[in-house]
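So the structure is just underneath, and the comments pick up after that.
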Amino acid sequence: MTAAVDAPGLPAVAKTGLFKRWPILRRLLRHKAFVIGAVLFGFILLVALFADWIAPIDPNRISIRNRFKPPDLTHWLGTDNLGRSQLSRVAYGARLSLAIGFAVVVLNAVFGVILGAAAGYFRRLDNILMRITDALMAFPAVLLAIGIAAALGPSSMTAAIALSAVYIPRTARIVRASVLVVREMEFVQAAIAMGASHLRILGKHVLPNCLAPLIVQLTFIFAYAVLSEAVLSFLGLGAAPPTPTWGNIIAEGRQYIREAAWITVIPGMALAATVLGLNLLGDGLRDVLDPRLKISQA
Amino acid sequence: MGTPNSAQLLSVRDLRVEFEYESGAAPAVDGVSFDLAPGEVLGIVGESGSGKSVTALSIMGLLPTPPGRVAGGTILFEGEDLLPKSPAAMRHIRGKRISMIFQEPMTSLNPVFTIGDQVMETVIYHERVGRRAARDRALEMLEKVGIPSPRARLEEYPHQLSGGMRQRIMIAIALACTPALLLADEPTTALDVTIQAQILELLRSLQDEFKMAVVLITHDLGVVAEFVDRVAVMYAGRIVETADVAGVFERPQHPYTEGLLASIPSLDTEQTRLTAIPGVVPSPFELPAGCRFAPRCRHARPPCTTIIPPLLPRGAGHGAACIRHVDYRTEGLKS
Amino acid sequence: MGRYVVARLIQSIPVLILVSVISFGIMKLVPGDPAVLIGGPTATPAELDNIRQNLGLDQPFHVQMGRFYAGLARGDLGRSLLLGKPVLEATIERIPVSLSIALYSMVLTLFLGISCGVIAALKRNSWADQAAMAFALIGVSLPNFWLGLMLIILFSVHLGWLPTGGYVPWQNDPVGWFRTATMPAVTLALLQVGLLARITRSTMLEVLRQDYIRTARAKGLPEFLVIAKHAFKNVMIPVITVIGVIFSVLLSGSVVVESVFSVPGIGSLLGSAVLRRDYPMIQGGLLFVATALLMLNLLVDVLYAYFDPRVRYDSRS
């Protein structure tokens with residue numbers, strides 16, 4: 001089987017270089033859900049990255065003359081109760097949402113891996129760590145995040161910390177489960193028998209083999225984090241107004257739902273598109289990277 | 001072979017079953033024909049992948065479709081062709097006139113229903129009797145298949161029973177409506193050697209008592225010798241030799257049968273590999289032209305790779321699909 | 001069976017203890033002086049001292065912890081600063097409201113989720129399957145507070161069929177209850193239906209591959225019995241284990257959804273406690289909810305044992 005037969009429409013470079021190095025890439029690009037997710041999420045990501053270019057108007061510039069303007073050619077997404085540009089507010093909201101989501105993902109990757117690997121690899125730690133995660137997971141995720149954010153006081157930083165605290169136990173569990181499987185495999189047992197150090201075994205043999213479920217999990221965590229951050233800022237526990245977040249734009253727009261529904265509708269659509277995109281990406285990654293899971297989904 | 005024989009209980013003619021995948025269609029059963037008289041016991045023997053189970057599932061109308069599909073042939077049972085029958089008509093035959101037991105007693109019973117429920121169910125559905133009558137029948141059946149303290153077992157769940165006991169339950173379910181034909185697909189393969197002998201013994205005595213015909217599917221010629229009247233040896237979707245038991249054991253005419261005979265495991269070792277025949281059954285996707293056994297056959301000659309050997313008579317009631325014993329030039333065989 | 005329940009009760013004790021530690025610890029996360037945050041910038045030093053004394057903040061850590069557990073032992077979760085009454089009392093008062101909506105939502109979720117999942121599995125790869133799975137994915141991606149607002153825009157603002165919010169107790173006026181409870185219940189359910197449908201679908205597909213399904217067909221049973229009896233009870237085993245998860249998401253969702261629809265339940269109680277920094281209420285409410293969930297999970301395990309005889313008879317677990 002050659003790449004040329006399988007992917008006729010693609011440029012020669014892609015056939016020989018990119019796909020050869022990452023055959024997974026080709027399988028991902030054939031996964032319909034993954035591609036839709038990539039387009040959705042990619043769009044939001046571009047908006048977030050180029051927010052100041054796409055929406056040059058200051059999201060906090062108040063213009064009382066232009067209050068409650070419905071979406072039209074001058075105000076693409078309309079204006080809010082203070083005449084602020086919805087396009088600017090939603091675009092900057094995307095920036096903050098994705099930034100917080102990404103921070104949660106990074107914190108999850110670092111601490112989830114450390115705790116999960118420690119629990120899975122060092123049996124003595126396992127019981128204690130798992131009971132603690134049990135207890136943390138006994139609280140409904142969003143509720144615990146609300147509690148922590150309420151205690152720490154509202155800000156985007158606390159939102160990121162609260163959400164990380166909630167999801168790290170879940171990530172750690174997944175890493176632990178993979179480590180438990182991988183550490184029993186023959187090549188790891190052989191490395192142990194040959195007297196390799198714990199760190200070396202973990203870093204060189206165990207962790208690379210846990211990467212697939214971890215990447216899948218982190219994609220879903222990204223989705224949950226964006227969604228939950230919106231809940232926190234909707235409740236007034238995220239970044240404080242006037243800093244625009246999708247959650248607080250919706251919370252403010254709620255009062256004007258009869259006369260200016262677009263204030264509420266549009267940020268919610270952006271939020272839904274982001275989360276849906278990430279979920280689709282996660283589904284695609286899971287199907288392609290983690291075939292064991294695919295069987296049960298088939 | 002020609003036309004199906006409606007005097008027989010079961011008459012299979014030129015059965016062809018294909019499995020269709022994206023990569024193409026694979027013939028799993030390719031022109032299989034055999035007859036079975038009432039009360040007769042036929043053993044279908046071959047390695048896994050030879051099409052034995054697919055043949056049985058086709059008779060039952062339980063072929064997983066898709067990907068499986070009956071591509072041609074007839075299956076005459078009690079004088080009627082089963083293949084064109086509607087699903088509803090087949091349901092009245094399955095479990096009532098034709099029953100089947102499977103290789104995996106550990107997973108073939110539903111874990112969430114009691115033994116009693118699972119035995120009674122067939123009787124209630126097929127014979128339209130009340131629960132009390134069905135329960136009496138279930139009890140009788142459990143006694144017949146040699147389950148100790150059957151009354152208590154009725155209330156138990158499958159996981160509380162051993163593999164051998166579960167296979168006995170499966171037999172009880174299969175025979176509850178006194179079928180005319182029992183298809184036993186590797187019924188002892190998953191069991192310990194000592195249990196295997198008990199189950200075979202039980203099947204033989206029940207066959208005698210119920211006067212039913214049995215198709216025993218197995219990869220183990222040793223099992224066949226104990227129990228069956230006639231043997232059909234299958235290889236890669238085709239019957240390569242058919243004869244009565246004595247014929248197969250004393251005068252095997254096909255090199256594959258010879259190989260199988262040479263590899264009968266002795267009772268004290270758990271040898272299951274066919275050590276006498278090198279290689280494996282070809283995948284239905286990559287079937288060799290000509291005789292499908294030729295690549296593994298030590299008697300193979302050049303024509304073997306081009307000529308598809310028909311089942312040639314080798315004595316009374318004995319046939320073998322091998323050109324080794326004939327002069328293919330003078331007999332004018334065509335591929 | 002009895003032994004199994006007792007064993008599960010004993011197993012949940014260490015988790016309960018840790019849950020209480022976390023609930024207690026959350027208060028300790030408050031940066032700076034909680035009294036200042038509660039009292040606000042205008043509070044006089046005397047008022048602050050009063051708050052500290054009331055909450056026991058002037059006591060050393062171990063005394064605070066001792067008080068907390070002594071209170072727990074008496075069933076005392078502290079006093080709400082806002083409502084001026086015991087946290088437990090305030091919470092229990094609102095149980096019927098939240099519970100009735102949660103159960104309504106649960107019924108919707110189970111009915112829609114299981115039937116969509118079963119249909120999707122049986123009509124695999126058909127348009128119905130794809131629609132159900134697309135719906136599932138969109139469902140888990142929608143923010144519930146936003147979905148609630150969209151329902152208000154549609155059914156209250158545009159169509160005028162249902163009130164925008166509020167709550168009428170069932171025993172006062174069943175029709176009024178339906179009119180007020182339906183949108184919150186649907187909002188909470190829609191997010192979960194997809195999740196449940198996906199799980200049901202994949203479980204059903206898995207079950208249909210099992211040998212005992214082939215046995216049921218070999219018995220000549222009609223397809224309806226094969227699915228509705230032999231497959232369904234096995235499908236329910238994993239589905240039941242998710243009921244705990246579903247309820248947990250329902251509970252946390254209720255904080256936002258009850259606020260959106262102005263439903264005076266436990267969720268909106270916690271929501272307003274969070275905004276007004278009613279720390280004892282937050283602490284007690286979290287502990288209450290987590291304990292309730294643990295108990296629910298226990299119930300789920302018992303149900304699980306009912307559906308799966310393998311668990312029921314295995315006295316070791």
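Every number in this text was worked out from the coordinates using simple rules, so none of it is lab data. These figures come from a predicted structure and were not determined experimentally. Using ideal geometry, Cβ is built from the backbone for each residue, glycine included, and neighbour counts are taken over all protein chains shown.
Ranked by the mean number of other Cβ atoms within 10 Å of their residues, highest first, the peptides B:109-119, A:226-236, A:90-100, B:12-22 fall in the order A:226-236, A:90-100, B:109-119, B:12-22. Here the Gaussian network model covers chain C, with springs between Cα atoms less than 10 Å apart; of C:Leu188, C:Leu287, C:Leu37, C:Leu37 fluctuates the most. Measuring r between the beta carbons of A:Thr74 and A:Trp53 and using R0 = 25 Å, the FRET efficiency lands at 0.85. Quick check: from the Cα gyration tensor, does the range B:35-87 come out rounded (a/c under 1.5), prolate or oblate? Since a/c reaches 1.5 but b/c is at least a/b, the shape of the range B:35-87 is classed as oblate.
Per-residue packing, averaged as other Cβ atoms within 10 Å, sorts the ranges A:131-142, B:180-191 into the order B:180-191, A:131-142, beginning with the highest. Orientation-averaged projection of the range B:1-96 equals 6.6 nm² [convex hull of Cα atoms, one quarter of hull surface area]. Shielding value for C:250-260 is 4, the average number of Cβ atoms from other chains within 10 Å of each residue's Cβ.
Placing unit charges on the Cβ atoms of the charged side chains and taking the dipole of the protein assembly as shown about its Cα centre, the candidate lying farthest along the positive direction among C:Pro163, A:Gly116, B:Pro150 is C:Pro163. About its Cα centre, the protein assembly as shown has a charge dipole of approximately 1400 debye under the convention of +1 per Lys or Arg Cβ and -1 per Asp or Glu Cβ, with nothing else charged.
Each of B:Val240, C:Met183, B:Gln253 was placed along the dipole of the protein assembly as shown (beta-carbon charges, centred on the mean Cα), and the one lying farthest toward the positive end is C:Met183. For the listed peptides C:243-254, C:165-176, B:222-233, A:24-35, a ranking on the average number of other beta carbons within 10 Å per residue, highest first, reads C:243-254, B:222-233, A:24-35, C:165-176.
Ordered by the count of other Cβ atoms within 10 Å of each Cβ, fewest first, B:Lys85, C:Lys28 give C:Lys28, B:Lys85.
Please compute the contact order of chain B in relative form: average sequence separation of alpha-carbon pairs under 8 Å and at least six residues apart, divided by the residue count, as a percent. RCO, chain B: 19 percent. Among C:Pro184, C:Pro264, C:Pro31, which one shows the highest mean-square fluctuation when chain C is modelled as a Gaussian network with alpha-carbon springs under 10 Å? Between C:Pro184, C:Pro264, C:Pro31, it is C:Pro31 that shows the largest mean-square fluctuation. Using all pairs of distinct alpha-carbon atoms, the Kirkwood hydrodynamic radius of the range A:180-298 works out to 17.5 angstrom.
Remark: C-alpha extents of the range C:87-275 on the principal axes read 60, 38, 31 Å, sorted largest to smallest. Around the Cα centre of the range A:52-101, unit charges on the Cβ atoms of Lys, Arg, Asp and Glu (plus for the first two, minus for the last two) sum to a dipole of about 160 debye. Placing a pseudo-label 7 Å from each Cα along the Cα-to-Cβ vector at C:Thr44 and C:Ala131 gives an inter-label distance of 6.9 nm. Where only DSSP H runs of four or more residues are counted, the protein assembly as shown gives -18000 deg cm²/dmol as its mean residue ellipticity at 222 nm, each run worth -39500 (n - 2.57). Report the Stokes-Einstein translational diffusion coefficient (µm² s⁻¹, integer) for the range C:229-277, Rh taken as the Kirkwood radius over Cα pairs, at 4 °C with viscosity 1.567 mPa s. Answer, rounded: 103 µm²/s. Reported to the nearest whole Å, the Cα centre-to-centre distance from the range C:215-273 to the range A:212-275 is 26. Here each label is just a point 7 Å from Cα along the line to Cβ, and for B:Lys211 and C:Val107 those points are 5.9 nm apart. Cut-off 14 Å, label point 7 angstrom out along Cα-to-Cβ of B:Leu287: give me the residues of the range B:1-35 whose amide nitrogen falls inside. Answer for the range B:1-35: B:14-20, B:25-33. Go ahead and collect, in residue order, the members of the range A:165-192 whose backbone nitrogen is under 17 Å from a label point 7 Å along the Cα-Cβ direction of A:Ile24. It comes to A:175, A:178-179, A:182, nothing else.
Normalised by 2.2 N^0.38 Å, where N is the number of residues, the C-alpha radius of gyration of the range A:15-289 stands at 1.17.
Considering only the Cα atoms of the protein assembly as shown, their convex hull presents on average a projected area of 49.9 nm². A compact globular protein would have a Cα radius of gyration near 2.2 N^0.38 Å; the ratio found for the range C:197-287 is 1.75. Within 10 Å of the Cβ of each residue in B:208-217, the mean number of Cβ atoms contributed by other protein chains is 0. Summary value for chain C: 26 percent relative contact order, contacts being C-alpha pairs under 8 angstrom separated by 6+ residues. Binning the alpha carbon pair distances of chain C at 20 angstrom intervals from zero yields the distribution 26, 50, 22, 3, 0, expressed in whole percent.
Bridgeable aspartates and glutamates around A:Lys69 (alpha carbons under 18 Å apart, same-chain partners fewer than 8 residues away excluded): A:Asp58, A:Asp80, A:Glu252, A:Glu259. Rounded to whole numbers, the Karplus 3J(HN,Hα) couplings from phi for the range C:298-303 are 4, 4, 4, 5, 5, 4 Hz, using 6.51 cos²θ - 1.76 cosθ + 1.60 with θ = phi - 60°, and x at Gly and Pro. Within straight-line reach of C:Lys85, meaning a Cα separation under 13 Å, sit the following aspartates and glutamates at least 8 residues removed in sequence or on another chain: C:Asp76, C:Glu93, C:Asp278. For chain B, the convex hull spanned by the alpha carbon atoms encloses 141 Å³ per residue. Quantify how much of the Cα-Cα distance distribution of the range C:27-186 extends past 28 Å, in percent. It works out to 53 percent of all Cα pairs.
Cβ crowding within 10 Å ranks B:His126, B:His254 as B:His126, B:His254, fewest other Cβ atoms first.
Residue separation of C:Leu72 and C:Asn172 scaled by 0.36 nm, minus their Cα-Cα distance, works out to 32.6 nm of gained length. Per residue of C:18-27, other chain Cβ atoms within 10 Å of the residue Cβ number 4 on average.
The charge dipole of chain B, taken about its Cα centre with unit charges on the Cβ atoms of Lys, Arg (+1), Asp and Glu (-1) only, comes to about 480 debye. For the range C:147-245, the residue among C:Thr241, C:Tyr212, C:Met150 whose Cα projects farthest onto the positive side of the dipole built from Cβ charges is C:Tyr212. The ranking of C:Tyr4, A:Tyr167, A:Tyr256 from fewest to most other beta carbons within 10 Å of each one's beta carbon is A:Tyr256, C:Tyr4, A:Tyr167. Checked against a 26 Å cut-off, the cross-linked pairs C:Lys123/C:Lys229; B:Lys96/C:Lys229; B:Lys96/C:Lys123; B:Lys52/B:Lys96; B:Lys144/C:Lys233 give Cα-Cα distances beyond that limit for B:Lys96/C:Lys123; B:Lys144/C:Lys233. Computed over the range B:192-239, the alpha-carbon pair-distance distribution with 10 angstrom bins reads 22, 53, 23, 2, each value a whole percent. Summarising the strand pairing of the protein assembly as shown, around 65 percent of its internal DSSP beta bridges are antiparallel.
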